[in-house]
1. Just to confirm the number: angle between the C-alpha axis of helix A:273-287 and the first principal axis of chain A, 0 to 90 degrees, nearest 10?
2. Quick one: if you stick a label point 7 Å off each Cα along the C-beta vector at residue A:65 and residue A:402, how many nm between them?
3. If one computes the Cα centroid of segment A:472-499 and of segment A:208-276, what distance in Å separates the two points?
4. For each of A:451, A:734, count neighbouring Cβ atoms within 10 Å of the residue's Cβ, then give the residues from fewest to most.
5. May I ask you to give the average projected area over all directions of the convex hull of the Cα atoms of segment A:189-295, in nm² rounded to one decimal?
6. Can you compute the modelled spin-label distance between residue A:584 and residue A:301, with each label point 7 Å from Cα toward Cβ, in nm?
7. Which of A:323, A:81 comes first, and how do the rest follow, when ranked by fewest Cβ neighbours within 10 Å?
8. Tell me, Kirkwood radius of segment A:442-596 from alpha-carbon pair distances, in Å?
DNA sequence: GAGCACTGC
């Protein structure tokens, strides 16, 4: 096994320590004698202490020296020699490091000193699941290396490439960005080492990258790979990345630096976890030492509700016993809150009302966002009811939905750990220890097992993966999920019948969009409405733009009605965006119309990015001047992407049946259609209190037959009202298509006037 | 007559 071999080539060069005789050349050149991938800890420490920064040739600053002293105290720094021994001898390493080990900032630097990418026109990449992490870690590492961010050390995220080609050799990036690069350069030739950080989070992009990198390691023996993860998952990754079938990849382990957290369980299961959570928070406030509380709940409504109740009950307690109960503030936290509100979690706890009075306390009530994305210092108590909203995918009806489900053991541990960041803490689990041991899954199912994979499959095919079913996944998705994705891509003509990428599919893959949206956008010039489809696509790619504050629902609905287009919600989105652009001079326009300025600005940003991609692939930007014709064209273009998301009205009660999948659905209450058209196309199927279709536009069956003849081949339909309705259209259409076409339109117009 | 858990391109 390579792991245990002596490396004879290493001995000759490991003499660069400052304690020994320094070669005269090394006095000027800190990296003198460094051989790529044969570098040892002594040499690197010598370079770190050197007068001169080897990458800028400038003298090191005071700040550099100060940060270096702090770096030396990190657990990972003490294991530098061990790291180089393992790194030099292995192509793939799995590394575990608990929070506070310094792995994210230090390991990529260690690698850079060994790879010497700046001398070989290469890059070391380190991926992160989130943009903010990529940005902030890159900034920190640039400071540590005494270089300017964006030069030797940079980052690359969607909408922002903070790197300098030819200069940057250490790059932090989102996992999604690296996946995009792999699509166009499957060998990732620019990189000497690729580090996947936070691999235990198992994002879709990280999982796919692990598969691609495992295969790539066999083609590129010069490429090194480091998988960084939390402890629990290490063995799985070691086995997966073992290059021989029986050998596991070596493990590099670094202890963390956190404080102990005492865990408490309830004696009995709690029937109402929200009620129990509120009770526990108040119990802590009354009985425990000072320190802030973090409570995990599942969603916005639950959180706002709990905050109100906690506030009310805490005020009661204070009134009853003002001498022993301190003031309490309750701060909600979830992603759709505006950033200014999210900042409140960093406010200090309220101070005591009198100099010797009981101290105040801060309670943060949060979704899972506080489990990974955001860390709040000062948390000493965590209340964990054991639930979160999780995405589930049903490939049979192609529906993703959110379900409140029990969390995994790994997730529970992560939550508990949030109590021990600044000092020893306590975690109150609102379930029994027995349930923790026997009912909770070890790990949260990776995203790849819970998602619609249409997008991913297209990316993989573009990256040159021929056989998706036999691809070496860390966890293989259900075959039906893959079949559903392949089927969709085939109907969209992105893949041919043999599963090969078509020229259309190759362009579709270049757009950061779901395949349906990409297809619709690419064909839209044929309908002379690509400007408008571009806008609609952008609006569909950002969070909901409609605001509906609890106490102003009527006003919000009225404002929305003024912007609505009766033919369909897609056209309403177009109208909203155009109005937004026309009123840009008015800073309050979005707010006075109950629209999210943040989401609209995002749509504008996305639109610019998509526009650049359209220009690169020569997808024309065109419009029709006459509004009525334009709207008609837009609705036709929609059919080219979303013909598999059509519903047909059944009976008079306003219920619809989705075509082919035969799901009974209702129009979502947010739908702006002023009648109930016989045929509609929808953007999404949501499963909440009932099955709903959301963002809906009226279409004509003739368009479906015309633009998606394969999917609307009547022989493929089960008998039923939908098939009979389509059959009638086919019969009428034979011979006099144009007349029927305009007739249907005026019929719909009349109906609308009546309503 | 209701909801965006969280990310990412």
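1. 40 degrees
2. 5.3 nm
3. 28 Å
4. Taking fewest neighbouring Cβ atoms as first place, the list is A:734, A:451.
5. Values: hull surface 45.3 nm².
Average of the hull's projected areas for segment A:189-295 equals 11.3 nm².
6. So the two model labels end up 3.8 nm from each other.
7. A:323, A:81
8. Numbers: mean 1/r = 0.0549 Å⁻¹.
Mean inverse Cα-Cα distance, inverted, gives 18.2 Å.
The numbers here are math on the coordinates, done by the rules we state, and not lab data. All figures in this text were calculated on a predicted structure; none of them were measured in a lab. Please note: Cβ atoms are built from the backbone with ideal geometry, for glycine as well, and neighbour counts cover all protein chains shown.
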